[in-house]
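Here the structure is laid out as structure tokens; the discussion comes afterwards.
The values are calculated or read from the model by the stated rules, or taken from the named source; none is laboratory data. Computed from a predicted model, the values in this text were never measured in an experiment. Cβ: placed from backbone, ideal geometry, glycine included. Neighbour counts: every protein chain shown. Each accessible area value is taken on the protein alone, full model and side chains, heavy atoms only, with ligands, DNA and RNA left out. Shrake-Rupley method; radii C 1.70, N 1.55, O 1.52, S 1.80 Å.
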Amino acid sequence: MMSIQQHIFPDKQALARQFAEDLLQWTASERKYTIALSGGSTPKVLFELLAREYLYRIDWQHIHFYWGDERCVPPNDIDSNFKMTYDLLLKHLPVDKLNVYRIRGEKEPVEEAKRYSKQVNYGLHHTNGLPQFDLVILGMGDDGHTASIFPNQINLLKSEKICAVARHPETGQFRITLTGGIINNAKKVAFLVTGEGKAQKVDEVINHKRNWMFLPAAHIIPQYGNLIWYLDEAAAIHL
Ligand code: 6PG
């Protein structure tokens, strides 16, 4: 049975602190814990906090890092979600690099989507006939996209594939993204959304207002897991 929670914080720092404390609790068992990370700018405050203050509080050795999406650029490109995560978090952690599963943005997109699908399929245990992440961290764009599932490619929510190729609707940039089925099969999905620019879409997505059905983030409903919204007051102003 799925559950939905909303947590609203005064600012990004308070949100990051609470998420870090929750992550500490969720990963406290010794078993392998699989996370699909989000990209973009929102997670930066969280990653910097984890690297600065949770280096020795979280047992990083049994955490396996995947990505929910990646831009099709080389790993040293300023646009790379891997680069952002490595620079702010991973390079500071005692993580076995074999537990970091980078989406190879420098490769041909269709082939990389196939390769990463196999890697996810092999690396995760399966539930409901699909690979199951312990945790998927998501952001949301001000157009209601999540991961790299954009409103004009909302069919990727229902794709049979584990990963698919997407294109940013404005820049045309190719992306590799987890599809809706995998995200919704996770044990826990956490949206981290901040800033007044997201407030209208947050209201539409959470309260099913206006054209919510055309917003990919509104279709993230973990069938057997928990959905948790971490919002700052600016993003939650209309709730
Ligand atoms: C990406 C993300 C994307 C992001 C949203 C929000 O690769 O950009 O995965 O889904 O989470 O676009 O981005 P911001 O956090 O920068 O607002």
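Expected output is a single nm value to one decimal: the length gained when fully extending between His208 and Met2, i.e. 0.36 nm times separation in residues minus the C-alpha distance. What is it?
Values: separation 206, 0.36 × 206 = 74.16 nm, distance 1.75 nm.
Stretched fully, the His208-Met2 segment lengthens by 72.4 nm.
Give the lysines reachable from Lys91 as a straight Cα distance under 16 Å; neighbours fewer than 8 places away on the same chain don't count.
Lys44, Lys83
How large is ³J(HN,Hα) for each residue in the range 45-56, as worked out from phi by the Karplus curve 6.51 cos²θ - 1.76 cosθ + 1.60 (θ = phi - 60°), to whole Hz, x for Gly and Pro?
Result, ordered by residue: 4, 5, 4, 5, 5, 4, 5, 7, 10, 10, 3, 10 Hz.
Quick one, can you get me the convex hull of the C-alpha atoms of the range 117-158 expressed as volume per residue in Å³?
Numbers: hull volume 3.8 nm³, N = 42.
Output value, Cα hull per residue: 90 Å³.
Quick one: which residues, 5+ away or cross-chain, put their amide H under 5 Å from the amide H of His64? H built at 1.01 Å from N.
Tyr33, Thr34, Ile35
What are the ³J(HN,Hα) values, in whole Hz, obtained from phi via the Karplus relation 6.51 cos²θ - 1.76 cosθ + 1.60 with θ = phi - 60°, for each residue of the range 161-169 in sequence order, with x given for Gly and Pro?
Working through the residues one at a time gives 7, 7, 10, 9, 8, 10, 9, 5, x Hz.
Using heavy-atom solvent-accessible surface (probe 1.4 Å) with all chains present, what is the largest-first order of Met213, Met140?
Working: Met213 75, Met140 10 Å².
The ranking, largest first, comes out as Met213, Met140.
Amide H neighbours of Arg167 under 5 Å, at least 5 residues apart or on other chains, H built in the peptide plane: list them.
Amide H neighbours of Arg167: Arg175.
What chymotrypsin sites (Phe, Trp or Tyr not before Pro) in the range 1-59 are in a loop by DSSP, with at most 13 other Cβ atoms within 10 Å of the Cβ?
Counting only loop positions with at most 13 other Cβ atoms within 10 Å, the chymotrypsin sites (Phe, Trp or Tyr not before Pro) in the range 1-59 are Tyr56.
State the percent of C-alpha pairs, over all pairs in the chain, separated by a distance greater than 24 angstrom.
On the way: 11496 of 28441 pairs.
Pairs farther apart than 24 Å: 40 percent.
Take a quick pass over the range 105-239 and tell me how many lysine pairs come in under 16 angstrom between Cα atoms, counting only ones 8 or more apart or on separate chains. Before the final figure, lay out each step's value.
Values: Lys107/Lys118; Lys114/Lys161; Lys118/Lys161; Lys198/Lys209; Lys201/Lys209.
Lysine pairs meeting the criterion: 5.
Which order do peptides 114-123, 91-100, 78-87 fall in by mean Cβ count within 10 Å, highest first?
Descending packing order for the listed peptides: 78-87, 114-123, 91-100.
Sequence-distant or interchain residues sharing an amide H contact under 5 Å with Val136, placed H: which?
Ala36, Lys188, Val189, Ala190
Quickly estimate the mean residue ellipticity at 222 nm for the chain, helices only: each DSSP H run with n ≥ 4 gives -39500 (n - 2.57), and the total goes over all residues, rounded to 500. Please list the in-between numbers first.
Values: 6 runs with 63 residues, N = 239.
For the chain, the value works out to -8000 deg cm²/dmol.
Of the accessible area of the range 78-132, with the probe set at 1.4 angstrom, what percent is carbon plus sulfur?
Numbers: 1680 of 3070 Å².
Carbon and sulfur together cover 55 percent of it.
May I ask you to evaluate 6.51 cos²θ - 1.76 cosθ + 1.60, the Karplus curve with θ = phi - 60°, for each residue of the range 2-11 and list the ³J(HN,Hα) values in order in whole Hz, giving x for glycine and proline?
7, 9, 10, 10, 10, 10, 10, 10, x, 7
Skip the ligands, DNA and RNA, and give the accessible area per residue of the chain with a 1.4 Å probe, whole Å².
Numbers: 10900 Å² over 239 residues.
Counting only protein heavy atoms, the per-residue value for the chain is 46 Å².
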